[in-house]
Amino acid sequence: MNPFQNSWRRLENLFNAPFGQALNPWYHLGAVIYFLFWVVVVSGIYLYIFYRTGVNEAYQTVEELTHDQPYAGGVMRSLHRYASDGIVVAMLLHMLRNFIYGRFHGFRWFSWVTGVLLIWLVYICGINGYWMVWDRMAQFVAVATTEWFDWLPLFSEPLARNFLFQGNVSDRFINMLSFIHITLPLVLLLFMWVHTKRMNNAETYPPQSLAVGTLLALLVLSLIKPALSHAKADLSLVPETIRLDWFYLGPYPLIYAWSPGAVWALVGGITLLLLAVPWLLKPRTRTPVAEVHLDNCNGCERCFNDCPYSAILMQPREDGRPYLLQPVVDPKLCASCGICVGACPSSMPFRHQELVSGIELPDKLLRVQRADTDHALDGLRGNARVMVFGCDRAYDVRALQSDEVAALSLPCIGMLPPAFTDYALRDARADGVLIAGCRECDCQYRLGIQWTEQRLAREREPKLRQRVPLQRIETCWAGPLDKKRVHTALSALRARISQMPRESFGEEREL
Ligand code: HEM
Ligand code: SF4
Ligand code: SF4
């Protein structure tokens, strides 16, 4: 077990008590960033209605917004600032979390690399925003930024010269700033879309209560500590005391404490290192990716719809069978999670002939899964016998094994076709089935829990058969450290099934 991951998990688990798993903000950081972005956009539109571009007007209108309408313009301004700060915090935590859980290599390199570009874009947008107020902080940021850029051999004339005298800054300059401040967030949004493009069903809206809670927290902060301007910019003076926004402007003092070149080395070095992370820290072995078996595929598209990383494409059929489409797996995108196997209608343990599904993981063949299930079921004894299906990334269900409990672990719980639950219960080979996976909303392969719940609730294909009694099934979403949660779920299930008469439902067999 990775000690960093476990410490991080413990930290995240602390939030499960007040928020519950479903609303734990750690599990929704990407969606929270999206939400904060929309808060910034809406508050920005309000500010823009009153904002006038001009050296004097810019400062004046921001002051009027802050002081003449504190409960509208003032709150909107503060919301705009604090939601922007929130984006930085949530983004850096989202990056750290993906890093600690090793979610950056292989098929995930694209999300990681576009994420690093997003950091730059977020910072550029935020820093540009500070210029818009044209107060002493804007003056400091303008001068420091241009001096920083002047270190690069890009410009024939030093940019910082534009801020030497009061008259150097014109209305046209503020106009240009304002144009940039509208264009950049659009570019940011485009990159946010690109960032999640390879993910099926990416979570870009947090759960409603989390969104409302976040907005309320920002509102309270805006009322308690409204965002205020410094004095109006005056290029004839050197700003003395500046209340820096450390979230965006943290590295700025280093430009003077060290040198512009040293700050370029720091920022450039960190960026290059981050960009290289997927290749520097890639695991030595690669798990085999999903393979299609056209003989058992009817082109139903379920695997295509369920794949969390859009690794499957449906293409015109080439094997002469009377179906329109066939799935094709892109090995570069496949996470080897097996969710497609759980989705395929051919993943039927009841079949008498050799069991091969339409799509399979070569190192986790379905016939082996069935043989292991048979073996586990045959060994069960007692009056509350439970078959547990778990996930390699979650709590290790093999620790639950006893005479009355058999356990099988899969790469992702989404790999479990609902028919396996039916298979374990139908001839009363087990009295109950416990289905366990990662913490709710924190599936290692994003959609495994969601699809499993929908399949068991008979809302998504392949649906659990109507004949299977739901009272005999328990689900439990628990991370590697959540021993108590799994044991509680197992005890609850065993207490329930021990009260139920043993039953088998029918002799009908599928071929
Ligand atoms: C504006 C900033 C960002 C936004 C809005 C954003 C948003 C998102 C969203 C919505 C997801 C999908 C979550 C899901 O449905 O499972 C995601 C995943 C991901 N993000 Fe970001 N992100 C941002 C910045 C970053 C940064 C800075 C990094 C790292 C450098 C990063 C790395 C990743 C990775 C690796 C995934 C894939 C995780 C997985 O496969 O489970 N993101 N991001
Ligand atoms: S194993 Fe997972 S990532 Fe690969 S094709 Fe199947 S569902 Fe998609
Ligand atoms: S789910 Fe199975 S049958 Fe349907 S397209 Fe995919 S491989 Fe073929």
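Read-outs throughout are calculated quantities, based only on the coordinates presented, and are distinct from any laboratory measurement. These numbers were taken from a predicted model, which means no experiment stands behind them. Reconstructed Cβ throughout: ideal geometry from the backbone, glycine too, with neighbour counts over all protein chains shown.
Values computed for the structure shown
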{"read-out": "The stretch 82-207: mean projected area of Cα convex hull, nm²", "value": "10.2"}
{"read-out": "Computed over the chain: relative contact order in percent, which uses C-alpha pairs under 8 Å that are six or more apart", "value": "13"}
{"read-out": "Net charge contributed by nearby residues that have their C-beta within less than 10 Å of residue 449 (K/R +1, D/E -1)", "value": "-1"}
{"read-out": "Cα-derived Rg to Rh of the stretch 415-473, Kirkwood definition", "value": "0.97"}
{"read-out": "Between the stretch 385-400 and the stretch 89-141, the Cα center-to-center distance that results, in Å", "value": "38"}
{"read-out": "Mean separation of Cα contacts under 8 Å (6+ apart) over length of the stretch 350-498, as relative contact order %", "value": "23"}
{"read-out": "Convex hull volume per residue for the stretch 334-483, taking Cα atoms only, in Å³", "value": "105"}
{"read-out": "Cα gyration tensor shape of the stretch 3-280, rounded if a/c is under 1.5, else prolate or oblate by comparing a/b with b/c", "value": "oblate"}
{"read-out": "Folded to 0 to 90 degrees: helix 75-100 orientation relative to the chain principal axis, Cα", "value": "50"}
{"read-out": "Cα centroid separation - the stretch 407-457 against the stretch 251-286, whole Å", "value": "42"}
{"read-out": "Solvent-free Debye scattering, log10 I(q)/I(0), computed from the Cα coordinates of the chain at q = 0.06, 0.11 Å⁻¹", "value": "-0.39, -0.97"}
{"read-out": "Contour excess over end-to-end distance, with Cα ends at residue 168 and residue 286 and 0.36 nm allotted per residue", "value": "36.6 nm"}
{"read-out": "Radius of gyration, Dmax [the stretch 193-250; alpha carbons; angstrom]", "value": "19.0, 55"}
{"read-out": "Amide proton proximity set for residue 409, modelled H, under 5 Å, gap of 5+", "value": "390"}
{"read-out": "Between helix 260-280 and the chain: long-axis angle, C-alpha atoms, 0 to 90°, nearest 10", "value": "10"}
{"read-out": "Projected area averaged over orientations for the stretch 115-163, convex hull of C-alpha atoms, nm²", "value": "3.8"}
{"read-out": "Amide H partners (placed H, <5 Å) of residue 325, local residues excluded", "value": "317"}
{"read-out": "Distance between the stretch 293-333 and the stretch 161-204 - C-alpha centres, whole angstrom", "value": "41"}
{"read-out": "Packing-based ranking, highest mean first, of 440-451, 105-116, 160-171 given that Cβ atoms within 10 Å are counted", "value": "440-451, 105-116, 160-171"}
{"read-out": "Where a label projected 7 Å from the Cα of residue 484 along Cα→Cβ would reach, residues of the stretch 1-35 with amide N under 19 Å", "value": "6-24"}
{"read-out": "FRET efficiency estimate (nearest 0.05) - Cβ-Cβ, residue 465 to residue 317, R0 35 angstrom", "value": "0.75"}
{"read-out": "Cβ crowding within 10 Å averaged over residues, with 413-421, 90-98, 181-189 ranked highest first", "value": "413-421, 90-98, 181-189"}
{"read-out": "Mean Cα-pair separation over length for the stretch 443-489, i.e. relative contact order, pairs under 8 Å, 6 or more apart, %", "value": "18"}
